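Here's the structure, in structure tokens; my notes come after.
The values are calculated or read from the model by the stated rules, or taken from the named source; none is laboratory data. Treat the numbers as computed from the prediction; the structure is a model and nothing was measured. Cβ coordinates were reconstructed from backbone atoms using ideal geometry, including for glycine residues, and neighbour counts include every protein chain displayed.
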Ligand SMILES: Cc1ncc(COP(=O)(O)O)c(C=O)c1O
């Protein structure tokens with residue numbers, strides 16, 4: 001009995017060991033199964049990594065945490081900002097400082113110099129949700145994208161739609177190229193329009209006052225294909241007579257830049273030479289800055305997101321081109337120069353243009369917002385400047401706008417201020433002494449009695465400009481009344 005009982009105890013012991021082994025085997029197998037299933041879903045080529053939910057969550061959380069950093073309404077923090085105390089620091093507007101941009105320097109000069117289009121920043125704050133883009137680590141790592149010549153098919157389609165909706169340019173049945181800002185396209189098109197089989201270079205010209213980068217690029221690249229020849233009006237007779245007289249095509253090779261509305265004076269401009277090689281720079285041909293009298297339909301038209309949406313930092317521009325040969329030469333230039341525009345930029349611009357299109361025509365769309373902001377600024381500055389006869393501003397006529405379907409007043413990107421007194425030969429010095437930094441007329445090959453004042457920067461920049469201008473004008477009034 002005892003022996004049997006002992007044998008039964010042994011059996012029981014073996015039974016428990018078996019059970020334990022079984023349990024260990026079961027747990028190990030469970031663990032391995034979970035591990036392999038996880039591995040399979042995470043790294044298998046059948047199920048891509050983006051099928052793992054929540055992979056963008058930490059990036060979104062990081063972006064939202066940085067957006068929540070308070071910079072007192074006088075600055076902003078960015079995810080890639082300089083880190084201080086473990087978080088990105090505030091980047092303050094001009095004349096504001098301190099860790100949260102709350103301190104204002106009264107003696108600081110107003111910055112009306114640059115064309116930095118931050119007047120549109122508040123619009124994008126309002127549309128933060130719709131305009132956010134998630135860029136995965138593996139997003140379009142290769143050189144290619146959906147279309148030929150490194151161009152996104154969808155972005156191209158949306159750009160054409162945008163022109164159709166705004167009515168500022170004929171974009172259908174036109175070739176399109178993208179550039180790293182319109183800056184890159186300016187010279188790409190000079191190159192493309194230059195006759196490659198002529199014995200002498202094309203003459204590149206523009207009308208005073210003109211955007212100086214045209215001249216600077218032609219001079220810098222110093223190509224045997226194109227040469228800067230200065231002011232368009234000097235060549236009117238030459239270009240019309242030369243076309244018949246020259247056998248090698250030397251003097252009729254004019255490339256004329258036309259900026260409309262013009263930087264710096266905001267006026268709508270047309271070609272003077274009337275040739276076929278005219279580059280229409282339409283960086284500002286959007287309802288924020290001008291009435292849109294008609295859809296333009298020229299051979300070469302350049303646009304820029306910098307002044308359309310305010311995303312100057314994304315460096316994106318495009319050109320609409322009628323002639324296939326010109327297009328091919330421009331594409332060749334772009335291929336050798338940068339192999340197209342950053343695919344990350346194209347992704348971001350697609351989203352931005354989608355938001356613009358979705359809002360298009362609604363109350364508060366980007367064009368209404370842009371026009372209202374620029375119109376208010378222009379009206380305010382005019383009121384201050386008109387208090388004294390020492391200064392004057394350019395006159396821009398009110399005009400019917402096909403976009404707003406009404407006659408609208410001027411809302412230029414820049415004030416082209418003139419010092420009217422004989423002794424104020426250098427207007428920018430007069431302004432500098434009053435704490436206003438503008439851009440002197442001679443930079444645009446105009447008289448130094450003129451200064452360009454930027455109206456497209458932050459509201460803080462504009463407020464400081466108006467305040468300093470008011471003080472200058474009031475000062476002059478009190479002196480002249482003594
Ligand atoms: C008339 C004009 N064209 C072109 C540009 C270049 O713009 P972006 O290279 O930012 O597109 C500017 C910039 O201010 C401009 O004023």
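A quick yes/no check of all residues on (1) under 19 Å from residue 73 (Cβ atoms); (2) surrounded by 15 or more Cβ atoms within 10 Å (Cβ to Cβ); (3) in contact with a strand residue (DSSP E or B) (Cβ under 8 Å, 6 or more places away or on another chain):
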site: 118; (1), (2), (3): yes, yes, no
site: 130; (1), (2), (3): no, no, no
site: 137; (1), (2), (3): no, no, no
site: 140; (1), (2), (3): no, yes, no
site: 145; (1), (2), (3): no, yes, no
- From 464, 477, grab the single residue that is farther than 22 Å from residue 306 by Cα and crowded, with 24+ Cβ neighbours inside 10 Å. 464
- Query: Would you call residue 160 farther than 20 Å from residue 313 by Cα and over 19 Å from the mean Cα position of the chain (by Cα)?
  - Reply: no
- Query: Looking at the range 190-219, which of the residues that are part of a helix (DSSP H, G or I) and out of contact with any helix residue (DSSP H, G or I) (no Cβ under 7 Å at 6 or more places or on another chain) is surrounded by the fewest Cβ atoms within 10 Å (Cβ to Cβ)?
  - Reply: 219
- Message: Being crowded, with 20+ Cβ neighbours inside 10 Å, touching a helix residue (DSSP H, G or I) at 6+ places or on another chain (Cβ under 7 Å) and at pLDDT below 90 is the filter here; which residues of the range 233-282 pass it?
- Response: 252
- Message: Any residue in the range 275-286 that is within 18 Å of residue 307 (Cα to Cα) and within 11 Å of the ligand (Cβ to nearest atom) sitting within a Cβ distance under 6 Å of a residue that is modelled with pLDDT of 95 or more and part of a loop (DSSP other than H, G, I, E, B)? List the pairs, counting only those 6 or more apart or interchain.
- Response: 280/298; 284/261; 284/413; 285/168
- Query: Which pairs have Cβ atoms under 7 Å, sit 6 or more apart or on different chains, and link a residue in the range 95-106 that is under 15 Å from residue 458 (Cβ atoms) to one that is at pLDDT 95 or above and surrounded by fewer than 17 Cβ atoms within 10 Å (Cβ to Cβ)?
  - Reply: 95/104; 95/105; 95/108; 96/103; 96/104; 97/103; 97/105; 101/72
- Give the residues of the range 290-301 that are within 16 Å of the ligand (Cβ to nearest atom), part of a loop (DSSP other than H, G, I, E, B) and surrounded by fewer than 23 Cβ atoms within 10 Å (Cβ to Cβ), sorted by residue number. 298
- Task: Have a look at 196, 158 and point out the one that is within 20 Å of residue 322 (Cα to Cα), more than 16 Å from the ligand (Cβ to nearest atom) and at pLDDT 95 or above.
- Result: 158
- Taking the range 79-110 and keeping residues in contact with a helix residue (DSSP H, G or I) (Cβ under 6 Å, 6 or more places away or on another chain) and over 25 Å from residue 471 (Cα atoms) leaves 79, 88
- Only one of (1) outside any loop (DSSP other than H, G, I, E, B); (2) under 24 Å from the mean Cα position of the chain (by Cα) fails for residue 114. Which number is that? (1)
- Item | Residue, farthest from the ligand (Cβ to nearest atom), within the range 170-189, restricted to residues that are in a loop (DSSP other than H, G, I, E, B) and under 20 Å from the mean Cα position of the chain (by Cα) | 171
- Item | Residues satisfying the stated conditions in the range 357-411, i.e. on the phi > 0 side of the Ramachandran plot and at pLDDT below 95 | 361, 364
- Note: among 317, 340, 313, just one is more than 25 Å from residue 413 (Cβ to Cβ), within 16 Å of the ligand (Cβ to nearest atom) and within 17 Å of the chain's Cα centre (by Cα), namely 340
- Note on the structure: Expected output for the range 312-323 (first residue under 27 Å from residue 114 (Cα atoms) and in contact (Cβ under 8 Å) with a residue 60 or more places away in the chain, partner assigned to a loop (DSSP other than H, G, I, E, B) and near the ligand (Cβ under 7 Å from one of its atoms), Cβ below 9 Å, 6+ apart or cross-chain) is 312/115; 317/283
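Rundown of residues vs (1) within 13 Å of the ligand (Cβ to nearest atom); (2) closer than 18 Å to residue 232 by Cα; (3) free of Cβ contacts under 8 Å to residues at least 60 places away in the same chain, yes/no style:
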{"site": "164", "(1), (2), (3)": "no, no, yes"}
{"site": "168", "(1), (2), (3)": "no, no, no"}
{"site": "191", "(1), (2), (3)": "no, no, no"}
{"site": "209", "(1), (2), (3)": "yes, yes, no"}
{"site": "218", "(1), (2), (3)": "no, yes, yes"}
- Does any residue of the range 334-350 turn out to be buried (at least 22 other Cβ atoms within 10 Å of the Cβ) and assigned to a loop (DSSP other than H, G, I, E, B)? yes
- Item | Checklist (1) assigned to a helix (DSSP H, G or I); (2) in contact (Cβ under 8 Å) with a residue 40 or more places away in the chain applied to residue 457, failing item | (1)
- Item | residue 415, sole failed condition from (1) over 25 Å from the mean Cα position of the chain (by Cα); (2) in a strand (DSSP E or B) | (1)
- Message: Taking the condition of being out of contact with any helix residue (DSSP H, G or I) (no Cβ under 8 Å at 6 or more places or on another chain), in a loop (DSSP other than H, G, I, E, B) and in contact (Cβ under 8 Å) with a residue 60 or more places away in the chain, how many residues in the range 422-444 meet it?
- Response: 0
- Would you mind stating whether residue 319 is buried (at least 24 other Cβ atoms within 10 Å of the Cβ), in contact with a helix residue (DSSP H, G or I) (Cβ under 8 Å, 6 or more places away or on another chain), at pLDDT 95 or above and more than 23 Å from residue 458 (Cβ to Cβ)? yes
